[in-house]
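Notes for the one structure printed next.
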Amino acid sequence: MDIKVGISSCVNGESVRFDGGHKSNKFASKVLAPYFTYVPICPEVGSGMSVPRPTIRLITNEERIALVDSKDASLDYTDSMIEFSQKTVDRLKETEMCGYIVCANSPSCGMERVKVYSKNSATKNGVGLYTQILMKEMPWLPVEEDGRLSDPVLKENFITRVFCLNDLYKSMDGEPTAGKIIAFHSRYKYTLMSHSTVGYKNLGKLVAKVAEYDINEFFAIYRTQLMQTMAIRASRKNNTNVLMHLQGYFKKELQSPQKVELAQIIQDYNQGLLPLLSPITLIKHHLGIHSNEYLAKQSFLNPYPQELRLRYGL
């Protein structure tokens, strides 16, 4: 499966860290690797730093954030890092990259809570210079830190977004059209509702006006709004609402005991007694018997390969 995902080289197991080591992530290298084609990038090495090398840090003098040598602040790497980052991201923008896994706490790659030093203190409110440019220039791109992939909710959200963006690109096949976008959006109705009902409604209003736009301009706007909505974590409340909508498709097909069983399993999920996988498995079972083409195409039922086992704990 050719899903292009950027990754910090050290997280990919390459020995490029300041001490000559790596920070290989087992989930990325063992579980996700069969599905992703990784594009490893080390901004520090790419911008000209050696391996091994002195440690670097972010500092602030209230006017600007700078990337400097930890022991000698006169050794300033800010400009070379920004130049490398801008050139690299400009290149990535022209590809169909579907996600990015960055190294936590890194002054170049950290996504959040990176230490920023001032004269008298240090605060954890920074973003690595490379990742800051990446997220600013590609606001549609799912970005996640290696350490946060151990959180089941964050992990599931990130992977859902990656597969969603890949599906969008594959559905367009290099040439967006209004028909392709409408068909894609229709398949993501319940997925979007599970993430944000407001986001779903806003995207629906946008899609209704597709004829008013240049199609490439529209695709760029839709892609960003789609992925920003998908970045909102699906909630148990929203998932329950979606499950009840799906339940409605079977009101004429199921016998009374089957209706009671499905309603109970949805209720048990809503109360946290069962994982999301339980009601979805039962709905897919009924769908196998009582076919419904529209429902069968809904991405909510199959957002990613089930072998990833991500819904077992939700």
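General remarks:
- Some residue of the stretch 62-82 being under 22 Å from Gly147 (Cα atoms), touching a Ser or Thr at 6+ places or on another chain (Cβ under 7 Å) and open to solvent by 40 Å² or more (accessible area, probe 1.4 Å): no
- If the condition is being part of a helix (DSSP H, G or I) and crowded, with 20+ Cβ neighbours inside 10 Å, then the stretch 127-141 contributes Leu129, Tyr130, Thr131, Ile133, Leu134.
Rundown of residues vs (1) over 17 Å from Gly128 (Cα atoms); (2) modelled with pLDDT of 95 or more, yes/no style:
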| residue | (1), (2) |
| --- | --- |
| Ile7 | no, yes |
| Asn25 | yes, yes |
| Ser29 | yes, no |
| Val45 | no, yes |
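- Leu310 being more than 24 Å from Cys164 (Cβ to Cβ), of a type outside the set (S, T, N, Q) and assigned to a loop (DSSP other than H, G, I, E, B): no
- Some residue of the stretch 267-277 being in contact with a Leu (Cβ under 7 Å, 6 or more places away or on another chain) and open to solvent by 50 Å² or more (accessible area, probe 1.4 Å): no
- Taken over the stretch 87-110, the criterion of being farther than 18 Å from Phe36 by Cβ and crowded, with 24+ Cβ neighbours inside 10 Å is satisfied by Ser106, Pro107, Ser108, Gly110.
- Neighbours by Cβ (under 6 Å, 6+ apart or cross-chain): first from the stretch 99-126, farther than 21 Å from Met227 by Cα and outside any loop (DSSP other than H, G, I, E, B); second small (Gly, Ala, Ser) and open to solvent by 20 Å² or more (accessible area, probe 1.4 Å): Lys115/Ala122
- Boolean, Tyr222 is among the aromatic types (Phe, Trp, Tyr), buried (at least 20 other Cβ atoms within 10 Å of the Cβ) and closer than 27 Å to Glu137 by Cα: yes
- Within the stretch 236-253, residues that are within 16 Å of Leu192 (Cβ to Cβ) have Cβ atoms under 6 Å from residues that are open to solvent by 30 Å² or more (accessible area, probe 1.4 Å) in these pairs: Thr240/Asn270, counting only partners at least 6 apart in sequence or on another chain.
- Of all residues in the stretch 146-180 being part of a helix (DSSP H, G or I) and touching a Ser or Thr at 6+ places or on another chain (Cβ under 8 Å), the one that is most open to solvent (accessible area, probe 1.4 Å): Lys180
- Of all residues making up the stretch 263-307, the number that are of a type in the set (S, T, N, Q) and assigned to a loop (DSSP other than H, G, I, E, B): 5
The values are calculated or read from the model by the stated rules, or taken from the named source; none is laboratory data. What you are looking at is a predicted structure, and each value in this text was computed from that prediction instead of being measured. With ideal geometry, Cβ positions are generated from the backbone for all residues, glycine too; neighbour counts draw on all protein chains shown. With ligands, DNA and RNA removed, areas are computed over all heavy atoms of the protein, side chains included. Shrake-Rupley method; radii C 1.70, N 1.55, O 1.52, S 1.80 Å.
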